[in-house]
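Okay, structure first, notes after.
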Amino acid sequence: MLSIRQVSIRSGDKKLVDNVSLSIREGDWHALVGQSGSGKTLLSQAIGRMLPPNLQAEGSIFYKERDLFALSPGQLRTIRGSKLSYVFQDYQGSFTPFRTIGQHFEEYQKAHGNSDSRARQRSALDALDSVGLDESVYKRYPFQLSGGQLQRVSIAMALLLSPDLLIADEITTALDSVSGHKILELLAKRQKETGFAILFITHDWRPVKRYANRIAVMKEGQVVEAGEKDHVLGNPQHAYTKQLINAAPTIDRFLSTSVRKAEIV
Ligand SMILES: Nc1ncnc2c1ncn2[C@@H]1O[C@H](COP(=O)(O)OP(=O)(O)OP(=O)(O)O)[C@@H](O)[C@H]1O
């Protein structure tokens, strides 16, 4: 469904992403992991042509046989937000403080051509309901919601127009672990219901093990290993992947440490 072909991203002479190729299939939960600064966010921004203006991308990214790099800005707008949508770690930055949640939904839907105000409100309330939020949230301001609730609103908006691909960049990093877990469970439930694919950028191996079916590992701008999750985790080929897997906390290790601590006390 999405095919990233030999994409490089440069800042002047410096290559920040180096000749990356990656495919995302319908319904995939595709994890993108790797060291800080390895180019995960830039690669995800390149998909929606949202790179900072000082950077240049080359190569091609095909969404259902259309090269996104070759589309006009108008053509791209019909795809971004509707077929491809984003949720970010910085959910607070995605909201304007003096606008209610309802006003955010209004603006978003008008921008995507929904001119029927009753239908707009109905679909906003349905979207809130689908992420476990009640109608009262529609009239509230962003500062009146918790981090977890705001991230739910971001997901509701990102899924409003039934995208084929949701790009989720570190979406639980700013949340406490319980709220983060609830967000991921919600995402998994919505994915099961509607079948969109997820490009899931993370530092955390736990959700990768739990939810992903495919993994790509990035290091210094390159994808050093990619494939089915079970294959990559069970039979890692690259030294860096092995290092990442060994460094990840496992429940077994966590439990044995806790038991040891309990024994010492
Ligand atoms: N606008 C920019 N101009 C120049 N260099 C940039 C720019 N944006 C990012 N970079 C550099 O590109 C590299 C890749 O950045 P990117 O944010 O994609 O990494 P990442 O893998 O997402 O890291 P993290 O996991 O810490 O979020 C980094 O070295 C970063 O400093």
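The values are calculated or read from the model by the stated rules, or taken from the named source; none is laboratory data. The model shown is predicted, which means the values in this text are computed figures rather than measured ones. Please note: Cβ atoms are built from the backbone with ideal geometry, for glycine as well, and neighbour counts cover all protein chains shown. With ligands, DNA and RNA removed, areas are computed over all heavy atoms of the protein, side chains included. Shrake-Rupley method; radii C 1.70, N 1.55, O 1.52, S 1.80 Å.
Of the residues making up the stretch 19-40, just one is within 15 Å of the ligand (Cβ to nearest atom), open to solvent by 40 Å² or more (accessible area, probe 1.4 Å) and at pLDDT 95 or above, namely Asn19.
Right, Gln6: outside any loop (DSSP other than H, G, I, E, B), out of contact with any strand residue (DSSP E or B) (no Cβ under 6 Å at 6 or more places or on another chain) and either at pLDDT 95 or above or closer than 30 Å to Glu193 by Cα (or both) or not? Walk me through it before giving the result.
Details: outside any loop (DSSP other than H, G, I, E, B): yes; out of contact with any strand residue (DSSP E or B) (no Cβ under 6 Å at 6 or more places or on another chain): no; either at pLDDT 95 or above or closer than 30 Å to Glu193 by Cα (or both): yes.
Judged against the criteria, Gln6 is not a match.
Taking (1) open to solvent by 20 Å² or more (accessible area, probe 1.4 Å); (2) in a loop (DSSP other than H, G, I, E, B); (3) at pLDDT 90 or above in turn, Val223 satisfies each apart from (2).
Restricting the first member to the stretch 53-65 and to residues that are at positive phi and at pLDDT below 95, and the second to residues that are more than 16 Å from the ligand (Cβ to nearest atom) and open to solvent by 50 Å² or more (accessible area, probe 1.4 Å), the beta-carbon pairs closer than 9 Å and six or more apart or on different chains are Lys64/Lys83. The set of residues in the stretch 195-213 that are open to solvent by 10 Å² or more (accessible area, probe 1.4 Å), assigned to a loop (DSSP other than H, G, I, E, B) and more than 14 Å from the ligand (Cβ to nearest atom) comprises Gly195, Asn213.
Of everything listed in (1) away from the ligand (no atom under 16 Å from the Cβ); (2) surrounded by 15 or more Cβ atoms within 10 Å (Cβ to Cβ); (3) under 30 Å from Ser136 (Cβ atoms); (4) at pLDDT below 90, the single unmet condition for Ala111 is (2).
Which of the residues belonging to the stretch 152-194 are within 14 Å of Ser94 (Cβ to Cβ) and surrounded by fewer than 19 Cβ atoms within 10 Å (Cβ to Cβ)? Glu170, Ala174 - these are the residues of the stretch 152-194 that are within 14 Å of Ser94 (Cβ to Cβ) and surrounded by fewer than 19 Cβ atoms within 10 Å (Cβ to Cβ).
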